[in-house]
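Please treat every number below as a calculation from the coordinates, not as lab data. The shown structure was predicted, so the numbers you read here are calculated from the model rather than taken from an experiment. Reconstructed Cβ throughout: ideal geometry from the backbone, glycine too, with neighbour counts over all protein chains shown.
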Amino acid sequence: MKRNLYFVEKPNGKQFAAKLISKGDKYGLDNCLVWDKDIPGVEFYDVTYAGDGFNEVGQFVSRYYANTILEAEGGLCLDGEIAEWSIDANSMNRVRAWMHERLSKN
């Protein structure tokens, strides 16, 4: 799983983890679901809460199809109600570069 995790830190020090999920991978609350889609997905977690009542990666924030993220530009608002749950453009560019690298190896 570690190769499918990427940690990004925003300029203000806030950290998020991006987790790639491929067909057959477990995901969701307590990994109780299995990704059955041919298109990979990506989940974002708030690392602040890792292991503090949440899983070892942190608090789940949102999930997207990988191509949705790769085809976009700029930053990403992960949750419109929580201003802190957004990732700036430079950080998202690093996430996209990592995703592209990981997905091109599959």
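Structure data summary
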| quantity | calculated |
| --- | --- |
| Residue-by-residue Karplus 3J(HN,Hα) for the range 96-102, coefficients 6.51, -1.76, 1.60, Hz, glycine and proline x | 4, 4, 4, 4, 4, 4, 5 |
| Dipole axis of the chain (+1 Lys, Arg; -1 Asp, Glu on Cβ), positive-most option in Gly28, Pro11, Ser104 | Ser104 |
| Restraint check, Lys14/Lys37; Lys37/Lys105; Lys14/Lys105, Cα-Cα greater than 20 Å | Lys14/Lys37; Lys14/Lys105 |
| ³J(HN,Hα), Karplus 6.51/-1.76/1.60, whole Hz, each residue of the range 68-84, x for Gly, Pro | 4, 6, 5, 7, 8, 10, x, x, 9, 8, 7, 7, x, 8, 10, 4, 5 |
| Aspartates and glutamates with Cα under 13 Å of Lys10, excluding same-chain neighbours fewer than 8 positions away | Asp46, Glu84, Asp88 |
| Ordering of 93-99, 41-47, 76-82 by packing [mean C-beta count within 10 Å, highest first] | 41-47, 93-99, 76-82 |
| Contact order relative to length of the range 2-104, as percent, for alpha carbon pairs under 8 angstrom and 6 or more apart | 21 |
| Calculated mean projected area of the Cα convex hull in nm² (choose from [x] 8.9; [y] 9.7; [z] 6.6), label | [z] |
| Karplus (6.51, -1.76, 1.60) ³J(HN,Hα), θ = phi - 60°, over the range 57-67, in Hz, Gly and Pro reported as x | 8, x, 7, 4, 10, 7, 9, 9, 5, 4, 5 |
